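Scroll down for the structure; my scribbles are underneath it.
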Amino acid sequence: MPELPEVEGVVRAFAPEAIGRTVSDITVSDIVIESKAQGREAIIKGMSTADFIQQMKKMTIVNVTRRSKYIYMNLQKGNNDYLLVSHLGMSGAWFVVNSIDEVSELKFRRHIHVIFTMEDGGLLVYSDIRRFGELRLLNVEADHPPLLKMAPEPFDEIAHSHFLDLAQLPKYAEKPIKEVIMDGQVISGCGNIYATEALFKMKIHPTRKARRISLKRKTELFYVIVDILQESIDAGGSTISDYRNINGESGGMQNRLKMYGRKVCLNCETDTKSVRIAGRTSVYCPKCQR
DNA sequence: AGCAGCGTCCGGCCGC
DNA sequence: TGCGGCCGGACGCTG
């Protein structure tokens with residue numbers, strides 16, 4: 001599943017392919033059209049399929065950046081600016097191809113839901129096996145208020161003090177630390193994989209209450225998360241389950257994970273345990289993590 | 001007002 | 001082999 005490092009990899013590969021190109025036409029899968037027609041918010045969020053198709057035509061992609069786990073595509077049409085926000089959910093993937101036959105893996109080719117045909121004839125293809133992803137066309141970021149509530153980028157200077165300020169708030173005091181570090185308003189981009197890794201490295205039990213961790217240890221935890229995110233970016237992200245980079249490329253971080261998905265602790269060979277925190281499975285070593 | 005809890009968006013995959 | 005249940009980012013709704 002794509003977290004911040006995986007999205008960063010997508011953006012780095014996608015941006016040079018997409019910037020400067022103009023959308024000629026949009027094709028939406030029958031499945032999404034039908035789901036939307038029944039009133040569900042399937043992939044295309046906040047507007048009808050017809051409106052999305054109509055508005056996206058003639059849009060020129062002028063920039064592609066990452067914000068937390070979101071891909072932000074700055075668009076222009078005439079004198080107006082727009083923002084297309086793409087979240088990959090559990091299984092979203094972008095492909096830059098000349099024909100959908102070039103989407104080589106069957107399971108991605110079978111779940112192509114939005115095709116952007118560009119004026120030069122090329123295709124920007126959005127595939128999403130489980131349809132948890134989103135495409136949201138906005139005028140400005142503020143038109144979707146939850147985006148404004150995201151924590152700063154973890155690599156920004158202010159991210160550390162922001163993290164400490166929020167993590168010390170009474171409303172987080174009794175929460176499991178893993179839930180706190182996976183809250184995108186506290187620190188952005190840290191999902192299940194990297195939260196699991198950071199807590200293992202810090203030898204902190206995932207259910208430990210936030211208030212039971214000193215300010216000093218919280219600071220250390222913050223920088224461990226940042227370091228792991230950076231290490232993963234450098235490794236090309238983790239290719240787990242349905243995550244692929246542009247055009248199906250895999251990353252290398254999955255081979256460097258020390259706890260996520262493990263049955264046995266690498267430090268002490270104790271069997272790992274798992275517990276559900278905030279609805280998600282959390283793996284930990286009962287001996288190393290306290 | 002703010003928040004906890006749950007439903008929603010799904011198909012791959014696992015275990016029986 | 002067939003099938004029920006599990007899994008999960010982030011938002012929206014409800015109480």
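Among the conditions (1) in a loop (DSSP other than H, G, I, E, B); (2) surrounded by fewer than 14 Cβ atoms within 10 Å (Cβ to Cβ), residue A:107 misses just one, which is (1).
Only a single criterion out of (1) crowded, with 18+ Cβ neighbours inside 10 Å; (2) in contact with a helix residue (DSSP H, G or I) (Cβ under 8 Å, 6 or more places away or on another chain); (3) closer than 15 Å to residue A:15 by Cβ is not satisfied by residue A:86, namely (2). For the range A:47-58, the condition of being within 15 Å of DNA strand C (Cβ to nearest atom) and within 14 Å of residue A:137 (Cα to Cα) holds for at least one residue.
Scanning the range A:1-35 for residues that are touching a His at 6+ places or on another chain (Cβ under 6 Å) and not aliphatic (A, V, I, L, M) yields a single hit, A:29. Would you mention how many residues in the range A:252-266 are touching a residue at least 24 places away in the same chain (Cβ under 8 Å) and assigned to a loop (DSSP other than H, G, I, E, B)? Counting residues in the range A:252-266 that are touching a residue at least 24 places away in the same chain (Cβ under 8 Å) and assigned to a loop (DSSP other than H, G, I, E, B) gives 5.
Let's see how each residue does on (1) in contact with a helix residue (DSSP H, G or I) (Cβ under 9 Å, 6 or more places away or on another chain); (2) of a type in the set (Ser, Thr, Tyr); (3) surrounded by 18 or more Cβ atoms within 10 Å (Cβ to Cβ):
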residue	(1), (2), (3)
A:14	yes, no, yes
A:32	yes, no, yes
A:41	yes, no, no
A:46	yes, no, no
A:62	no, no, no
A:65	yes, yes, no
A:68	yes, yes, yes
A:71	yes, no, yes
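Taking the numbered list (1) within 30 Å of residue A:261 (Cβ to Cβ); (2) away from DNA strand B (no atom under 16 Å from the Cβ); (3) of a type outside the set (D, E, K, R) in turn, residue A:53 passes all entries but (1).
Within the set of pairs 6 or more residues apart or between chains, which connect a residue that is in the same structural domain as residue A:177 (by TED's automatic domain parsing) and acidic (Asp, Glu) inside the range A:267-290 to a residue that is more than 16 Å from DNA strand B (Cβ to nearest atom) and modelled with pLDDT of 90 or more with Cβ atoms less than 9 Å apart? Hits for this filter: A:271/A:265; A:271/A:285; A:271/A:286.
Within the range A:246-258, is there a residue that is modelled with pLDDT of 75 or more, in contact with a Cys (Cβ under 7 Å, 6 or more places away or on another chain), over 30 Å from residue A:97 (Cα atoms) and crowded, with 19+ Cβ neighbours inside 10 Å?
Within the range A:246-258, none of the residues are modelled with pLDDT of 75 or more, in contact with a Cys (Cβ under 7 Å, 6 or more places away or on another chain), over 30 Å from residue A:97 (Cα atoms) and crowded, with 19+ Cβ neighbours inside 10 Å.
Helices (runs of 4 or more DSSP H) fully within the range A:111-221 that include at least 3 residues being surrounded by fewer than 22 Cβ atoms within 10 Å (Cβ to Cβ) and within 16 Å of DNA strand B (Cβ to nearest atom): A:159-167, A:170-173.
The values are calculated or read from the model by the stated rules, or taken from the named source; none is laboratory data. Source: prediction; values computed, not measured. Virtual Cβ from ideal backbone geometry, glycine too; neighbours counted across all protein chains shown.
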